[in-house]
Amino acid sequence: MTAIVQTLTDPVIAHYQARFAALRGDLPGADHGWVADLRDRAVSAFADHGLPTRRMETWKYTDLRSLHQAVFSPAPISDVSASLIAPHKLEGGFVAVYVDGVFAPNLSELDDLPEGLKLASLADALTAGDEGLGHELGNIAGLDQPGFAALNTALMRDGAICRVDKGATVDVPLQLLFVTTDGSAAETHFRNLVVMGENSHATLLQSYVSLGPSTGFCDVVTEAILGQGANLRHITQQDQSATAWHVGLIAVKLGRDSTFDSFVLSTGARLARNEIRVRLDGPGADCTLNGIALVRGRQHCDNSTDIDHAKGQCHSSQLYKNVLDDRARSVFQGRIHVAPNAQKTDAHQMNRNLLLSHNAHADSKPELIIHADDVKCGHGATVGDLDQDAIFYLRSRGIDAVTVRNLMVRGFAAEMIDELPDDAIRAHLDAAITGWLDGMIAAEAAA
């Protein structure tokens, strides 16, 4: 398989090898041996494995040829005003803003961070040679798995290092806001690291937004390490330009009795992939992965998950929904692996798809790999259109067809958002869904 991938993607490998060679001296941390070694190992792994193709089982539904053929340019030097950023900020939260790949402290809201929460720019940490990062970066995402982790490790420039001390509870959500400016065609490689101490609690929102049409590529890897009894609620909002590319990976390692609660809302990008890999590495660990994609036109959204029940007495739950209009396409691939000694595992996954057009297409591939005999595991998938009886009932009450459709779509989507415990995050994501529905109405009016 490696030989096939390398042959098919050889021009891409050569392109990025040349790019790395040209940039390596200017990348953050170039003066520190451990950073340079990490990048060199990543480039070597990338040369061996290349980028994924549809011949790989975990990428069989997502074609990256348009991405490989695209031409990107250096990030512009933009003077972005606070007023342009304001609508995308989480109200009442701590906000770290990144503009076209670079941390923007003047646009961020990080004053008076609570005790126990530490936040730093990845670029600053690499430049300072923080050797602690050398024992954390790349250990969970892995450099030899299909995807973009190796390329990201080689070319990473900025991102966030978030640490929550042992026993600390951060009551106010933290938002990492990654902004692409109007007209940008830049390729950015973000890297985030979240380290949760024992019995700590925090909520993190990662938002990816565009301030106007753009044709850039956002490659992001987030690694999260949860100590015993830690609790991380993680939300991803992807609302980039419909002409951009977005590939994201979240890799998580859970200790004993820790909890990882994830929600993904994806409405943007011409091609988006949101991948989550979770390793339940201690008894009593629990993870919940939920998400919804709203896509139209010729958008393609791929939500892929891989949960490894490495230890027994752990629980995992997944529910992903997709709403598709026009010729849009969605993908859900959910893999649950139960190790031979992981008895008393409780794992379930479900994918539900709502098609608003006969030309829309949804692929669903739930998968169970079970090597233990004392488990409760299940999976399922549904694909359907709007309930005609419900449409008839609402229309008979004098409600027009567009309003009926939007009410039903909102109900399908908001059911998941309503379960989120934070009022500010619920309102933030609900506004994003409203914006998507308004955009659909505007597109129909212009057609």
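Does Lys311 satisfy being open to solvent by 10 Å² or more (accessible area, probe 1.4 Å), closer than 23 Å to Asn341 by Cβ and outside any strand (DSSP E or B)?
It is true that Lys311 is open to solvent by 10 Å² or more (accessible area, probe 1.4 Å), closer than 23 Å to Asn341 by Cβ and outside any strand (DSSP E or B).
Pull out all pairs, ordered by first then second residue, where Cβ-Cβ is under 7 Å, the residues are six or more apart or on different chains, the first lies in segment 104-126 and is assigned to a strand (DSSP E or B), and the second is loosely packed, with under 13 Cβ neighbours inside 10 Å.
Short answer, once both residue conditions are applied: none.
For segment 39-61, which residues satisfy the criterion of being of a type outside the set (Val, Ile, Thr), touching an Asp or Glu at 6+ places or on another chain (Cβ under 9 Å) and touching a residue at least 24 places away in the same chain (Cβ under 8 Å)?
Ala45, Asp48, His49, Gly50, Trp59, Tyr61
For Ala360, which of the numbered conditions (1) of a type in the set (A, V, I, L, M, F, W, C); (2) open to solvent by less than 50 Å² (accessible area, probe 1.4 Å); (3) out of contact with any strand residue (DSSP E or B) (no Cβ under 6 Å at 6 or more places or on another chain) fails to hold?
Of the numbered conditions (1) of a type in the set (A, V, I, L, M, F, W, C); (2) open to solvent by less than 50 Å² (accessible area, probe 1.4 Å); (3) out of contact with any strand residue (DSSP E or B) (no Cβ under 6 Å at 6 or more places or on another chain), the odd one out for Ala360 is (3).
Please work out if Ala86 is open to solvent by 40 Å² or more (accessible area, probe 1.4 Å), within 28 Å of Ala431 (Cα to Cα), within 23 Å of the chain's Cα centre (by Cα) and of a type outside the set (Phe, Trp, Tyr). Even if it seems obvious, please write down each step before you answer.
Working: open to solvent by 40 Å² or more (accessible area, probe 1.4 Å): yes; within 28 Å of Ala431 (Cα to Cα): yes; within 23 Å of the chain's Cα centre (by Cα): yes; of a type outside the set (Phe, Trp, Tyr): yes.
Answer is yes for this residue.
For segment 139-157, check the following and say yes or no: at least one residue is on the phi > 0 side of the Ramachandran plot, buried (at least 21 other Cβ atoms within 10 Å of the Cβ) and not hydroxyl-bearing (Ser, Thr, Tyr).
yes
Ser66 versus (1) open to solvent by 60 Å² or more (accessible area, probe 1.4 Å); (2) in contact with a Leu (Cβ under 8 Å, 6 or more places away or on another chain); (3) more than 22 Å from Ile250 (Cβ to Cβ): which is the lone unmet condition?
(1)
Please go through segment 363-404 and give me each residue that is open to solvent by 90 Å² or more (accessible area, probe 1.4 Å), assigned to a loop (DSSP other than H, G, I, E, B) and free of Cβ contacts under 8 Å to residues at least 12 places away in the same chain, ordered by number.
Arg397
Quick test for you: out of Ala414, Ala432, Ala427, pick the one residue that is open to solvent by 40 Å² or more (accessible area, probe 1.4 Å) and assigned to a helix (DSSP H, G or I).
Ala427
The values are calculated or read from the model by the stated rules, or taken from the named source; none is laboratory data. Predicted model, so just to flag it, every value in this text is computed and none were measured. In this analysis, Cβ positions are derived from the backbone assuming ideal geometry, glycine residues included, and neighbour counts consider all displayed protein chains. Please note that ligands, DNA and RNA were not included when accessible areas were found on the heavy atoms of the full protein model with its side chains. Shrake-Rupley method; radii C 1.70, N 1.55, O 1.52, S 1.80 Å.
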